[in-house]
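To start, the structure itself, in C-alpha cells.
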Amino acid sequence: MYFDSTLQLRSPRLVLSPIRASDGAALFAIQSDPAVMRYWNHPAWTDIQQAYAQILDDLAALRAGTQLKLGIREHADAPLLGICVVFAIDADARRAEIGYHLSPLAQGKGYMGEALRCFVDHLFDDRGLRRLEAEIDPRNAPSARVLERIGFQREGLLRERWCVGGELSDSALYGLLARERGR
C-alpha cells in the first residue's frame, strides 16, 4: 500500500499528519509516561533515543507502505498530542489493525474520538479497507468507550495475551466493518 508523506487529515479541531523526525521529544514525553503506557504492549520508555529510533522505523514503514502512523495535533505546526497508527495491513482481505494513544494533557477533551473517526473514515473511504481491528487491554475502559462510540464491536477476548513488565494481561478484540460504521 502506498502512503503519502504529505497527507493531512482534518477534523473540526485537529490535524492528523505523518509523524516527523522533530516529534521525538514530544513522543518520548508521551511514551515515557507510565499512565499512558499502562495498557500498551511494552513498558514506558526510559531513554529519548527510543523515541528517535521508533520514528526512524515509522518513517521507513511509511515509505514501505506497511504502516501509517499519524501525529495528532491541534493545527499543522502544533506540538504532538498523540498518535493513530494502522498496521498489519492485509491488502487482499482489505483489513488492518489500528492503535492509538494520547498525551495526558490532551485526554478528556474528546480528541481521541474525533481523531479516530477521521482516521477510520480515511481508511475506509480513501484507502478502501473493509475491516479494521483494535486490540486493547479490557481494563482500559476509556479506550473501549472510544472504540464503541465510533462503532467498533467487541468480538472476543484473548486471555493472558501479553506480559509487560512482568504483569500478564488479557486483550479484548474489537472490529469494525466499513458497512456497519455509524456516521
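FYI, it's all coordinate maths here, none of it is from the lab. Given the structure is predicted, the values throughout are model-derived calculations rather than measurements. Positions of Cβ are backbone-derived with ideal geometry, glycine not excepted, and every protein chain shown enters the neighbour counts.
Dimensions of region 35-94 from C-alpha coordinates, computed as largest minus smallest value along each principal axis and given longest first, are 37, 29, 21 Å. Each residue in Met37, Met1 was given a count of other beta-carbon atoms within 10 angstrom of its own, and listing them fewest first yields Met1, Met37.
Summed over all non-identical Cα pairs, the Kirkwood treatment of region 9-131 gives a radius of 14.8 Å.
Mean residue ellipticity, 222 nm, helices only, the chain: the sum of -39500 (n - 2.57) across DSSP H runs of n ≥ 4, divided by residue count and rounded to 500, is -8000 deg cm²/dmol. If the segment from Arg179 to Asp4 were pulled out straight at 0.36 nm per residue, it would be longer than the present Cα-Cα gap by 60.5 nm. Simple point charges give the picture: +1 on the Cβ of Lys and Arg, -1 on the Cβ of Asp and Glu, and for the chain a dipole about the Cα centre of about 560 debye. Remark: region 165-174, residue by residue, has Karplus-estimated 3J(HN,Hα) of x, x, 9, 7, 9, 7, 10, 8, 9, 10 Hz, where x stands for each Gly or Pro and the curve is 6.51 cos²θ - 1.76 cosθ + 1.60 at θ = phi - 60°. Peptide packing: for 113-123, 156-166, the average count of neighbouring Cβ atoms within 10 Å per residue gives the ranking 113-123, 156-166, highest mean first. Computed over all pairs of different Cα atoms, the Kirkwood value for the hydrodynamic radius of region 58-183 is 15.4 Å.
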